[in-house]
Amino acid sequence: MYAVIKTGGKQYRVAQGDRLEVELLGADGDAVNFEPLLVVDGERAVTGPALAGASVAGRVVGEAKGPKITGFVYTPKARHRRRWGHRQRYSVVEITSITGA
C-alpha cells in the first residue's frame, strides 16, 4: 500500500516506514497528519472525493540540511561584487501509518 501526499508545494510517494525530507514543519518529535491525493492498495486506486476518510500519519524524527548553494554577482567596471550562500533546512518525517477510505 502506498499513497501520494502533498506538503510544502511538492508531492511525494510514500509507503509505511519510509523516511523523507520535507519543507521545515517546525514540530520536532510531534505527530503530523497529511491528506493523501491518491491511495493505492494492491490493484485498487482511490482518488478524489472517495478519500474523505483517508489519512497518512507520520512523526517528525529530526531536521536535516540540504546542500550548500553559493552564488556570486559581479558587475564589471563598477567595482560591485556580492557573494551569497544558502543552505535549506528540512524536516525528516517517518511515515507510521496509511489509512485508506
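Nothing in this text is a laboratory measurement; each read-out follows from the coordinates by a stated rule. A quick note: this is a predicted structure, and the numbers were derived from the prediction, not measured. As a convention, Cβ positions derive from the backbone with ideal geometry for all residues, glycine included, and neighbour counts pool all protein chains shown.
Taking amide H positions as placed in the peptide plane 1.01 Å from N, state which residues far from Gln88 in sequence (5 or more) or on other chains have amide H under 5 Å from it.
Gly66
If we sort 1-7, 19-25 on the protection proxy, mean other Cβ atoms within 10 Å, highest first, what's the order?
1-7, 19-25
Amide H to amide H, which residues 5 or more places from Asp18 or on other chains are under 5 Å from it, using H placed in the peptide plane?
Ile95
Cβ neighbours within 10 Å, averaged per peptide: list 78-86, 8-16 in order, most packed at the top.
My ranking of the peptides, most packed first, is 8-16, 78-86.
Pick the calculated semi-axes √(5λ) of the Cα gyration tensor in Å for this structure from (1) 39, 16, 10; (2) 23, 15, 13; (3) 18, 17, 13?
(1)
Hey, can you grab everything whose amide H is under 5 Å from the amide H of Leu37? Only 5+ residues off in sequence or another chain; H modelled, so Pro and N-termini drop out.
Here Val4, Ile5, Lys6 satisfy the definition.
Once phi is turned into θ = phi - 60°, what whole-Hz ³J(HN,Hα) does the Karplus curve with 6.51, -1.76 and 1.60 give for every residue of the range 30-46, x standing for Gly and Pro?
Calculated HN-Hα couplings, in order: 8, 7, 10, 10, 10, 8, x, 8, 8, 10, 10, 10, x, 9, 9, 10, 10 Hz.
Nothing charged except the Cβ atoms of Lys and Arg (+1) and of Asp and Glu (-1): what's the magnitude of the dipole of the range 2-99 about its Cα centre? Round to the nearest 20 debye.
So the magnitude is around 1200 debye.
If the cut-off is a Cα-Cα distance under 28 Å, which lysines reach Lys65, setting aside same-chain residues fewer than 8 apart in sequence?
Once the sequence-local lysines are set aside, what remains near Lys65 is Lys6, Lys10.
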